[in-house]
Each structure stands twice: as structure tokens, then as C-alpha cells.
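The values are calculated or read from the model by the stated rules, or taken from the named source; none is laboratory data. Predicted model, so just to flag it, every value in this text is computed and none were measured. For neighbour counting, all protein chains shown are included, and Cβ atoms are generated from backbone atoms with ideal geometry for every residue, glycine included. Please note that ligands, DNA and RNA were not included when accessible areas were found on the heavy atoms of the full protein model with its side chains. Shrake-Rupley method; radii C 1.70, N 1.55, O 1.52, S 1.80 Å.
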Amino acid sequence: MAIEDQENTIRDIKSKNRRIMGAGGPEEEDNRWPPWLKPLLQEQFFVHCKFHVDSHKSECNMYCLDCTNGPLCFLCLAHHKDHRTIQIRRSSYHDVIRVNEIQKYLDISGVQTYVINSAKVVFLNERPQPKPGKGVTNTCKVCYRTLVDDSFRFCSLGCKIAGSSRGFEKGRKNLLMESEDSGSSIGIARNISNLQSFSPSTPPLTTSSSCRIAKRRKGIPHRSPMG
């Protein structure tokens, strides 16, 4: 009996050591990505800086990879000299970053790139799409957004994090096997989307941004009365 208890204790210690070392657990998944990436994708940019409210350069579209203390405005950069900082831009109200900036710090292989204002960019987070168009052969492995090139697997950095996790791949295979056994594919896309470990959507527009858009809209034209 004493020998069996000793063997059980040794097995428990070994299993705990594997978890601590990250053998397939959350620690190993997190170590695959730089510590600043997930905080970056969760931030809401293009808001007014609370420290420089009165300045016309108070819009927060910068981020420090060393401090990861939230979005920064142009004036905040004075406190981040010699730090790694990147600039976030917007395309169709979604956050993007230029490829030549982010690829210095992150492997973006497999993520769809776009050319905007003569510069290649990648989207930070997934963008909702009702359903793929007809004849589409390649879609994002996580959110099923249409991809323009078969060499890409994800539509954004957030989807790459979610789709590269072991839990996502394992859950995807299990659902597909269940679908084949039952002979029904209804709800597969919805169930797979629930497996996303991390793929936040682009934050909504701020109140100030909405006001600026509303001011640019013209009134409804009216036909002049017949004389």
C-alpha cells in the first residue's frame, strides 16, 4: 500500500511539473505570442487623450509595446523615448497597422494584407461579415470572412491568435467529426465560432467620432414646389 501511494505521489508531481512548464496548457499558448499583443488588440483607439484634452493632437492612435499602458497621443510619446512604439490607423472604421511597422515585432504570416493609401496593412481584429459571397473558395479559419488570396488563412491578427491555439484546432476537428457522424452540418459555423479563445471585434466608434460623421452628412433633398 505504501509503495502504491508513493507511485501516485510521483505521478501527481510529474503532471504538475508538466502544467507548470506549459506542456500544452494555457501558459504555453500565451508564450507563443509577445506579451503586448493581446492587450493591444483589446484597446480602443482614436479617443481623446485624458492628459492632453486641450491639444489638437490629443487623438490616441499610438501604442507603446514596452509599457502596454493604453493608447497614446502624439504628445504622450515624449514620455516613451527609446521605446518601441507603433501607430494605429483606420480603414472603414476598423483599426489597421502598416505591415512594415508590425512585422518588425511579430510574425504576421498567414494574415490577409491589404493595400490602403499605397501601403500594405493588416487588420487588428475580425470584421463582421454576414456570409461569404457566391463562389468564394477561401475564408478566414476563425470568422469565415472572405479572403482574397489562397495563401492567407486569417483575416486579422486577432483571428490568427484564436485559430492558432491548440484548443481551437482540437474543437474544430471534434465538431467536424460529429457533423459527419450525424450527417448534418447545421450550426457548425456557429459552434466553431464559439471556440475562439481570443478574437475581439473592432471597438465601436466613440461619441466624438460619431458626431464628426453626423456633421458631414447632408440633409435630405426636397423637390421645389411646382409653380
Please go through the range 144-157 and pick out each residue that is closer than 17 Å to D95 by Cβ, open to solvent by less than 30 Å² (accessible area, probe 1.4 Å) and either of a type in the set (A, V, I, L, M, F, W, C) or not in a strand (DSSP E or B) (or both).
F154, C155, L157
Output for the range 98-115, where each listed residue is touching a residue at least 12 places away in the same chain (Cβ under 8 Å) and more than 18 Å from F152 (Cα to Cα):
E101, Y105
Pick from the range 30-73, criterion at negative phi and hydroxyl-bearing (S, T, Y), ranking: most open to solvent (accessible area, probe 1.4 Å)
S55
Filtered residues of the range 74-112 (kept if open to solvent by 20 Å² or more (accessible area, probe 1.4 Å) and among the charged types (D, E, K, R)):
K81, D82, R84, R89, R90, R98, E101, K104, D107
